[in-house]
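Trainee: Structure incoming, see below.
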Amino acid sequence: CQPLPDDGLAVYSTPLAHRPAFVAGDAALRIAPHEPYELYYPIRRGQLNVSGGYSVRAAADALACVLRTAITDRLGISKLADLKTYTAVVVVPDAADGVLLNELLGSLLADGSSMPFAAVFVQQAAVCASLGAGVYTACVVDIGHQTTSVACVDNGVSLAASRLVMNYGGEQVGRALLWLAQRSRRHQFPAATLNLSLPQHEEIVSKLKQHCHLKRAITVTSFEFKLPATARVAAITAPAAAATMESTACVLHRVNISDALFFAPLGLLVPQLFAPLEPHLPQDAIYEHGDAFDDDFLHAPPCS
């Protein structure tokens with residue numbers, strides 16, 4: 001998150017003690033919408049997020065801010081200068097592009113870097129998964145938040161010809177689940193109360209998504225979540241007997257969901273269920289040929 005100009009009209013429901021230059025990690029997802037910050041994800045669909053007016057350099061700098069925050073807050077290393085005595089292990093996607101690797105390693109090893117590690121060991125995710133399971137040959141399927149990747153590992157080596165990356169994952173399952181639940185005739189779902197563009201609402205759908213299954217027997221699952229009692233939400237939920245106003249100015253929603261929990265994850269097998277929700281930047285648009293003997297470089301047309 002980066003601060004935006006304050007127009008003086010914002011009403012802060014959860015004001016910060018002080019406004020830092022940026023907020024990274026889970027704390028950025030829980031900032032009140034009225035705070036003068038812009039939410040930005042440095043990584044989208046497994047590559048640097050250069051959409052929305054952000055360049056490759058800006059995305060790499062934002063990623064470095066996230067890494068520094070994780071090192072200081074989660075690992076307890078308060079002085080980044082002490083990283084000179086540490087070695088980092090970086091697990092990267094099997095089909096990671098050269099731009100992501102160059103920028104990531106540059107942030108960790110370059111002279112004058114804010115994270116001056118002594119050395120960096122880079123390994124592919126599928127190889128780490130197979131070796132971690134105690135096998136040297138395996139077919140690794142990674143269902144992530146925004147991408148689903150498949151890679152075959154033979155004797156500890158990821159086979160390039162077997163790699164496959166599909167631009168859908170848990171995020172699309174959650175959107176499909178919400179879409180099906182709001183249109184279910186069997187159970188009443190509080191429509192128009194959840195907006196997936198807000199990280200707090202996306203977290204609610206993520207928790208609901210944990211109840212998805214592929215069992216043939218359809219069961220009814222009860223779920224509760226709270227939302228701020230804004231005027232719009234109160235007007236929508238007032239007629240519903242399942243919503244009660246609490247002293248904390250929140251509305252408690254109790255919903256029942258059955259078949260939507262079964263049909264939503266089927267989109268992983270039938271991707272046609274996932275409608276395209278946002279434009280995807282082609283990988284070639286930000287690809288950098290770092291190897292002069294790379295196949296793509298040799299087959300590329302000469303520059304005029």
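Trainee: Can you give me the number of residues within segment 129-146 that are outside any loop (DSSP other than H, G, I, E, B) and either surrounded by fewer than 16 Cβ atoms within 10 Å (Cβ to Cβ) or in contact with a helix residue (DSSP H, G or I) (Cβ under 9 Å, 6 or more places away or on another chain) (or both)?
Mentor: In the first step, residues of segment 129-146 are kept if they are outside any loop (DSSP other than H, G, I, E, B); the result is 129-132, 138-143.
The next check asks that each one be either surrounded by fewer than 16 Cβ atoms within 10 Å (Cβ to Cβ) or in contact with a helix residue (DSSP H, G or I) (Cβ under 9 Å, 6 or more places away or on another chain) (or both); those that pass are 131-132, 138-143.
Adding up the residues that qualify gives 8.
Trainee: Does Ser78 satisfy the condition of being within 27 Å of Gln172 (Cβ to Cβ), polar (S, T, N, Q), open to solvent by 60 Å² or more (accessible area, probe 1.4 Å) and modelled with pLDDT under 90?
Mentor: Details: within 27 Å of Gln172 (Cβ to Cβ): no; polar (S, T, N, Q): yes; open to solvent by 60 Å² or more (accessible area, probe 1.4 Å): yes; modelled with pLDDT under 90: yes.
No: the conditions fail for Ser78.
Trainee: Can you say whether Leu80 is without any contact (Cβ under 8 Å) to a residue 12 or more places away in the chain and over 30 Å from Leu164 (Cα atoms), as far as the supplied structure shows?
Mentor: Answer is no for this residue.
Trainee: A further question on this structure: Out of (1) assigned to a strand (DSSP E or B); (2) crowded, with 17+ Cβ neighbours inside 10 Å; (3) not hydrophobic (A, V, I, L, M, F, W, C), what's the single condition that is false for Gln123?
Mentor: Condition not satisfied by Gln123: (2).
Trainee: Looking at segment 68-97, which of its residues are within 30 Å of Val141 (Cα to Cα), part of a loop (DSSP other than H, G, I, E, B) and basic (Lys, Arg)? Before the answer, list the steps.
Mentor: Of all residues in segment 68-97, those within 30 Å of Val141 (Cα to Cα) come to 68-71, 74-75, 87-97.
After this cut, where a residue has to be part of a loop (DSSP other than H, G, I, E, B) as well, the list is 74-75, 93-97.
Within segment 68-97, just Arg74 meets the criteria.
Trainee: Could you tell me which residue of segment 15-41 is most open to solvent (accessible area, probe 1.4 Å), considering only residues that are touching a strand residue (DSSP E or B) at 6+ places or on another chain (Cβ under 7 Å) and not hydrophobic (A, V, I, L, M, F, W, C)?
Mentor: Arg19
Trainee: How many residues are polar (S, T, N, Q), assigned to a loop (DSSP other than H, G, I, E, B) and surrounded by 19 or more Cβ atoms within 10 Å (Cβ to Cβ) when one looks only at segment 147-183?
Mentor: Residues in segment 147-183 being polar (S, T, N, Q), assigned to a loop (DSSP other than H, G, I, E, B) and surrounded by 19 or more Cβ atoms within 10 Å (Cβ to Cβ): 1 in total.
Trainee: Name every residue in segment 98-115 that is surrounded by fewer than 17 Cβ atoms within 10 Å (Cβ to Cβ) and not in a helix (DSSP H, G or I), in order of residue number.
Mentor: Ala110, Asp111, Gly112, Ser113, Ser114
Trainee: Would you point out which residue out of Ser114, Ser149 is in contact (Cβ under 8 Å) with a residue 24 or more places away in the chain, in contact with a Lys or Arg (Cβ under 9 Å, 6 or more places away or on another chain) and within 30 Å of Ala81 (Cβ to Cβ)?
Mentor: Answer to the selection: Ser114.
Trainee: Would you mind finding the one in Gly134, Gly46, Gly52 that is modelled with pLDDT of 90 or more and at positive phi?
Mentor: Gly134
The values are calculated or read from the model by the stated rules, or taken from the named source; none is laboratory data. From a predicted model like this one, the values you see are computed outputs, not experimental measurements. So basically every Cβ, Gly included, is an ideal-geometry build from the backbone, and we count neighbours across all protein chains shown. When the accessible area is computed, the model is the full protein with side chains, heavy atoms only, and any ligands, DNA or RNA have been set aside. Shrake-Rupley method; radii C 1.70, N 1.55, O 1.52, S 1.80 Å.
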